[in-house]
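Okay, so here's the structure we're looking at.
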Amino acid sequence: MKCIYISCTYLLVLPMNIVCIGFNCSGLFGWVGRLFTFLFGPKYDGEYLHKIIREILGKTRLHDTLTNVVIPTFDIKNMQPRVFSTYQAIETPSLDARLSDICIGTSAAPTYLPAYYFKNQYKQSDVQEFNLIDGGVAANNPALVAMGQITKQIFDGNPDFFPIKPTDYGRFLVISVGTGSSKLENKYTAKKAAKWGIFGWLLNGGSNPIVDVFTQASADMVDLHISSVFQALHSEENYLRIQDDTLTGITSSVDGATKENLNKLVEIGQRLLKKAVSRVNLDSGLFEPIEKGGTNEDALKKFAKLLSEERILREVKSPFNKKCSK
């Protein structure tokens, strides 16, 4: 019996009207204004983004999701990750927050968008406060977080995962879809970075090196760890990582939200489906095609078939379902 986690990002096509805080001047004054904004506030005020998220998600709460989800964030007041999950929302109602609040919190990338505060009240005496920033600072690749959540549910005896054992990772199916990286662009070198001070690490050629380094390191460490585990268990085919580490220029930027760039990213994603299934080289950290592994599209179809068959078997064999049918 298999359990699956899918880690992915999708594009929501919306009119782009994200407001940049600060000055709108040209020449020297414009440059000084942008520098002032960058140093003393987030690049964007986030108001339009918040408005769109609230309009789309409305009053939907975490327990209302059509499937079980896991959303990592980071609480800067408590200085620790805060993971929101469907299972947790059912077990602890005070954590059953609105999806809009959670999504705004987990999208609050430092220096780009403002940190987000909200509170969730279940009963008059049961109020939870949250001071959130982008979950990527703790788990830019959330696949391992999800595997941990599944393991916890198995420990707790959740019938959804009967009869899998907590450490039986060989029976997990994991699809992890990355948002792309610019590893092969070689934007930074030790020779350049050796001369940087605070400003250099915060702003270099329109990029934010310190953010790039931490987010890339976080995502890659997770991929290396999961790859190592599945390879050690001889279950490599159960872990599908779809990632493009050849992005360059604006396609690799955090906030390149022009219509032209978004269309480019869609094209990159479509081409990625046709590319050969790749696996990370544990020595170089780069993705390498697997011989006779087929395409990413083929692998996704295979996983879909396994899931369909698994659901049928689970409904037939689970003693919990039999009890419910009596």
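Observations, loosely collected:
- If the chain linking Phe40 and Glu236 were pulled fully straight, counting 0.36 nm for each residue of separation and taking away their Cα-Cα distance, it would gain 65.9 nm.
- Cross-link pairs beyond the 32 Å C-alpha cut-off, checked among Lys59/Lys183; Lys165/Lys302; Lys51/Lys192; Lys152/Lys187; Lys59/Lys305: Lys59/Lys183; Lys51/Lys192; Lys152/Lys187; Lys59/Lys305
- The stretch 43-188: C-alpha gyration tensor shape, a/c 1.5 cut-off, then a/b vs b/c: oblate
- Pair Asp255, Ser94: separation of 7 Å Cα→Cβ label points (nm): 3.5
Throughout, read-outs are computed from the coordinates displayed, never taken from laboratory work. Note that the coordinates shown come from a computational prediction; the quantities given were computed from them, not determined experimentally. No Cβ is skipped: glycine too gets one built from the backbone with ideal geometry, and neighbour counts run over all protein chains shown.
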